Amino acid sequence: MKVLIYSAKKFEIPYLESANNGKHKLTFIEDALTSETAIKAVGYNTVSIFSGDNASNIVLEKLKDFGVKYITLRSVGHDNINLFTAKQLGIKVANVPVYSPHAIAEHAVALLLTLNRNLVKSSLRVKQFNFDINNLIGFDLKNKTVGILGTGNIGSVMVKIMHGFGCELLGFDIKEKKRMTIDYRLKYVSLKELCEQSDVISIHLPLNTDTHHLINKELITLMKPSVIIINTARGAIIDTNDIIEALDNKQISGLVMDVYEHERKIFFKDCSLDIPKDGMLIKLNAFPNVLITGHHAFLTHEALTNIAETTIYNLDCWVNNKKTENDLTNAINMGNHLLKP
């Protein structure tokens, strides 16, 4: 297959080339897929995209006109592609459903510990040979109540890790895992109960019409003022305006995030010489009790290896006219499926 790989990062190219082993003709470009850059797919029957790429209706129609028949995502999330339109156009889409849930969950815990134990502040002091430890007080995780929103592959790992810290665990999901309740004493509760009782809330949900702005003013008012919220899932699950208001009013104690609602044109770029004119991000970044990383929770050797291997596997299936179990368009019900453009 002749494949154009959008949003190619220097760190992932060696992994993709190694997994490919010369089977497919891969072309890497740094440009993200947009309505303007879709023209670069002329001459390719397949494109590969990342989470920040835009595969909306208009873009998909252009890709179809340019001869693209397949799209392979190098991510689990697929909220950036309109699957309904892809199926209508006859474009097959596959993703990487699991690459390393440990990478994401471990990053979530790292963010929590870093904020709670004031590690950034402490490190900056020590760099200046200032060993004063005033204003560095955190809290023990043991016996704290941790609410896990979404107990799928990543959320389940988060449950295991927090159980190891000796936390009381609450879960919220449309599908309950009985094994988790037995092995880790996870208690499934309503979303309202989870928000009311949790000292830490960690988000591990996909972004869809049901979860968009799920964490909003209404739920935030139920939370303890001492709560810390962790988001390593998708930025738009949190209503950013409402969370900023909550931080301003000290309705919550802290926020750690690896994703941002409006990250598409900002993340994965060096903006240090041209600071984005994004008032919400600037304000979030200014809060001392907010810690942000640039969507790199997935950045482990194991995760990059799995992403590359699954991406090439999807290509192998298509070129050999075989079905891949990672195909997303097969699951679309054309009769009643509704998806935002």
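What the table shows:
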read-out	value
Rough spin-label spacing in nm, given labels placed 7 Å along Cα→Cβ, for residue 217 and residue 321	5.9 nm
Added length on full extension, which subtracts the Cα-Cα distance from 0.36 nm per residue, residue 36 to residue 17	4.2 nm
Options 314, 5, 80, ranked by Cα towards positive dipole end of the chain, top entry (Cβ charges)	314
Kirkwood estimate for the range 25-104, i.e. one over the average of 1/r between Cα atoms, Å	12.8 Å
Percent RCO, i.e. relative contact order, over the chain, from Cα pairs under 8 Å lying at least 6 residues apart	18 percent
Binned Cα-Cα distance frequencies in the chain - 10 Å width, integer %	5, 24, 31, 24, 13, 3, 0
Relative contact order of the range 101-292, defined on C-alpha pairs under 8 angstrom at six or more residues apart (%)	18 percent
Efficiency of FRET between residue 190 and residue 88 - r from beta-carbon atoms, R0 30 angstrom, step 0.05	0.20
Within the range 1-104, chymotrypsin sites (Phe, Trp or Tyr not before Pro) in DSSP loop having at most 15 other beta-carbon neighbours inside 10 Å	11
Pairs of Cα atoms farther than 19 Å apart, the range 187-280, %	42 percent
Residue-averaged [θ]222 nm for the chain, counting only DSSP H segments that reach four residues, each worth -39500 (n - 2.57)	-9500 deg cm²/dmol
Gyration tensor (alpha-carbon) shape descriptor, the range 143-223, a/c threshold 1.5	oblate
Length-normalised contact order for the range 191-231 - Cα pairs under 8 Å, 6+ apart - percent	64 percent
Semi-axis lengths (Å, descending) of the ellipsoid that matches the C-alpha gyration tensor of the range 229-301	20, 15, 11
Cβ-derived FRET efficiency at R0 25 Å, residue 271 paired with residue 209, nearest 0.05	0.25
Whole-percent pair-distance distribution, where bins are 10 Å wide, for the alpha carbons of the range 75-135	17, 26, 19, 17, 14, 7, 1
Inverse of mean 1/r across different Cα pairs in the range 101-292, Kirkwood, Å	17.3 Å
Kirkwood estimate for the range 1-152, i.e. one over the average of 1/r between Cα atoms, Å	18.6 Å
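Laboratory data are not the source of any read-out in this text; all were calculated from the coordinates shown. Remember, predicted model here, so these are calculated numbers, not experimental data. All Cβ positions, even for glycine, are placed from backbone atoms using ideal geometry, and neighbour counts span all protein chains on display.
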